[in-house]
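Colleague: The structure follows.
The values are calculated or read from the model by the stated rules, or taken from the named source; none is laboratory data. Predicted model, so just to flag it, every value in this text is computed and none were measured. Methodologically, a virtual Cβ is constructed for each residue, glycine included, from the backbone with ideal geometry; neighbour enumeration extends over all protein chains shown. Calculation scope for accessible area: heavy atoms of the full protein, side chains included, ligands and nucleic acids excluded. Shrake-Rupley method; radii C 1.70, N 1.55, O 1.52, S 1.80 Å.
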Amino acid sequence: MSATFLPSEATDVPPVVLHVRTLRIEEDVDLLGHVPAEVSGAWLRHGQGMVALGTAWSVSAVGPLRFAAAGAAFRDLAARARVDDEVRVRTSGLIALGSFSYADASQRPSTLMVPRALLGVHDGESFLTVVGVDEEPTPPTSWRDLFPSSPTPVPTQEPLEVEPDHTPDEYQALVRAAVSEIREGRAEKVVLSERTTVRTPEPVSPAVMLTRLARAYPSTWVYHLEDVVGASPEMLAQTEDGRVFSRVLAGSRPVADDGELDEVDRRAFRSDSKELSEHAFAVDSVVERLEGLAEELEVSPEPFVLRLPGLEHLASDVSARLRNGATSLDVASRLHPSAAVSGTPRERADEIISRLEPHDRGGYASPVGWMDAAGDGQWAIALRMAHLVDERTVVLQAGGGLVAASDAVSEHAEALAKCRPMLRALRGEHGA
């Protein structure tokens, strides 16, 4: 089976040649203060990363070979590109942002995109990348001409219209149905999710959403491309200098009022057999799928607690030496979907998910991130996210892992807690 390409103007024959120029900015740049209203993509964490304008080139694909097809198209593009990079740091030079769809059968296109202009900050270096198609780009007189100061977002005054796909009783019944499948031996773990449609009184601005999320949740990977925007706590695949890193989250505890668990509750969380079982499935799935791409694997000796406002997770880090020729997108493709977002065994879990979830997951729980011309990059799992449907409608999606001991009421509460970051960003409340 092969992926179906959905060509853009940038992929028409004859092949285009991109002329990429990266210029050093001799001043400190506050990225969050320069997210343009017309932002076409973003990747932000701890005040670093990149914001993008326009599209110089893109490729889209659907089907089971969408990762391979998009990756091959970008490699061909990179081989022809002419790059003048005076900064030479991570994220400078030729960069593609990407968002892929969860399921092989999804009709939502998976996309890699090279922006026309990119403002970046990495390890104290600030830079501007501009891209020309079949011609040298013309840099602006000042980087601020392309990325002026963005206005301070103000809270939304009118209430949001929030409509989950299911009532609490209906969703909890779906959880019990999935748990029943597990107890009957059809799977060991299933990750079920719920969609919530939100209609806003004012047009949704991805730039405002990005700024609010990045300020409220600086330790997450805040992302935007095409129809997805969010703040993910989970790194699926990061590669650099021949090594691969993956952070696995599975097992969660909602915390009221953005607080933290007290020490007694945190110790109970770390020793909870249900949470540890769910977490072990997720870690094992990553380790097993890295075989053939990486070696000399190192795994956290035991899960640690990752604390985020209103939610704490069990987390483990996995690192390994990458075999020659494997790209970050190759690794993301191999790991997706991990047991943290599908289940164990993967095929049986996805079959149960397809029966119990009435809608295509689209870009939810799938790889989102970036890659450079050498194949290095970062791919998070698109969690704590929204699909942008139209200028006043977004669809949130969140869920949790189910094992035989899962409780339907608790799992429903966890799914609701995972929607709070996006709801707060839409309202502009509590620092978001």
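Colleague: Take the conditions open to solvent by less than 30 Å² (accessible area, probe 1.4 Å), within 24 Å of Y102 (Cα to Cα) and modelled with pLDDT of 95 or more and apply them to V248. Does it pass?
Modeller: No.
Colleague: Considering segment 153-185 alone, what residues qualify as being part of a loop (DSSP other than H, G, I, E, B), at pLDDT 95 or above and open to solvent by 100 Å² or more (accessible area, probe 1.4 Å)?
Modeller: The one that is part of a loop (DSSP other than H, G, I, E, B), at pLDDT 95 or above and open to solvent by 100 Å² or more (accessible area, probe 1.4 Å): E184.
Yes or no, residue by residue, for (1) under 18 Å from the mean Cα position of the chain (by Cα); (2) polar (S, T, N, Q):
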{"site": "Q172", "(1), (2)": "no, yes"}
{"site": "A178", "(1), (2)": "no, no"}
{"site": "E181", "(1), (2)": "no, no"}
{"site": "T196", "(1), (2)": "no, yes"}
{"site": "P206", "(1), (2)": "yes, no"}
{"site": "L213", "(1), (2)": "yes, no"}
{"site": "Y217", "(1), (2)": "yes, no"}
{"site": "Y223", "(1), (2)": "yes, no"}
{"site": "P233", "(1), (2)": "yes, no"}
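Colleague: Further, regarding this structure: Could you list, ordered by first residue, the pairs with Cβ atoms under 9 Å in which the first is in segment 368-391 and within 20 Å of A78 (Cβ to Cβ) and of a type in the set (D, E) and the second is open to solvent by 10 Å² or more (accessible area, probe 1.4 Å) and not in a loop (DSSP other than H, G, I, E, B), at least 6 apart or interchain?
Modeller: Matching pairs, first to second residue: D372/A78; D376/Q238; D376/E240.
Colleague: So which pairs qualify, if the first residue must be in segment 51-79 and within 23 Å of L146 (Cβ to Cβ), the second must be assigned to a helix (DSSP H, G or I) and open to solvent by less than 10 Å² (accessible area, probe 1.4 Å), the Cβ gap must be under 7 Å, and the two must be at least 6 apart or on different chains?
Modeller: Here the result reads V51/L31; W57/L77, each pair linking segment 51-79 to a residue that is assigned to a helix (DSSP H, G or I) and open to solvent by less than 10 Å² (accessible area, probe 1.4 Å).
Colleague: Grab the strands (runs of 3 or more DSSP E) fully contained in segment 277-383, keeping just those with 1 or more residues being open to solvent by 10 Å² or more (accessible area, probe 1.4 Å), closer than 15 Å to R247 by Cα and hydrophobic (A, V, I, L, M, F, W, C).
Modeller: Answer list for segment 277-383: 294-299, 304-308.
Colleague: Is it fair to say T200 is hydroxyl-bearing (S, T, Y) and open to solvent by less than 10 Å² (accessible area, probe 1.4 Å)?
Modeller: So T200 does not fit the description; no.
Colleague: Filter segment 256-276 down to residues that are modelled with pLDDT under 70 and either among the polar types (S, T, N, Q) or assigned to a loop (DSSP other than H, G, I, E, B) (or both) and give me whichever is farthest from the chain's Cα centre (by Cα).
Modeller: Result: D262.
Colleague: If you don't mind, another one. If you take the residues of segment 141-152 that are out of contact with any strand residue (DSSP E or B) (no Cβ under 8 Å at 6 or more places or on another chain) and not in a helix (DSSP H, G or I), which of them is surrounded by the fewest Cβ atoms within 10 Å (Cβ to Cβ)?
Modeller: T141
Colleague: Taking the options G132, G120, G98, name whichever one is over 26 Å from D241 (Cα atoms) and assigned to a strand (DSSP E or B).
Modeller: G132
Colleague: Same structure again: When you check A326 against the structure, is it within 22 Å of the chain's Cα centre (by Cα) and under 20 Å from R384 (Cα atoms), yes or no?
Modeller: Judged against the criteria, A326 is not a match.
Colleague: Name every residue in segment 55-86 that is open to solvent by 30 Å² or more (accessible area, probe 1.4 Å) and not in a strand (DSSP E or B), in order of residue number.
Modeller: T55, P64, L65, A68, A72, R75, D76, A79, R80, E86
Colleague: With (1) under 22 Å from V229 (Cα atoms); (2) open to solvent by 10 Å² or more (accessible area, probe 1.4 Å); (3) not hydrophobic (A, V, I, L, M, F, W, C) as the list, and D134 as the residue in question, which single condition is left unmet?
Modeller: (1)
Colleague: For the condition under 24 Å from T239 (Cβ atoms) and either touching a helix residue (DSSP H, G or I) at 6+ places or on another chain (Cβ under 7 Å) or in a strand (DSSP E or B) (or both), what is the one hit in L44, L32?
Modeller: Unique residue meeting the criteria: L44.
For (1) closer than 24 Å to L308 by Cα; (2) of a type in the set (G, A, S), each residue gets a yes or a no:
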site: E163; (1), (2): no, no
site: S193; (1), (2): yes, yes
site: T196; (1), (2): yes, no
site: P206; (1), (2): yes, no
site: R212; (1), (2): yes, no
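Colleague: A further question follows. In segment 26-72, how many residues are aliphatic (A, V, I, L, M) and under 18 Å from R116 (Cβ atoms)?
Modeller: Residues that pass the stated criteria total 11.
Colleague: So, one more: Which residue pairs have Cβ atoms under 9 Å apart, sit 6 or more places apart or on different chains, and have a first residue in segment 342-360 that is among the polar types (S, T, N, Q) and a second that is open to solvent by 50 Å² or more (accessible area, probe 1.4 Å) and assigned to a helix (DSSP H, G or I)?
Modeller: Listed by first residue and then by second, the contacts come to T344/D284.
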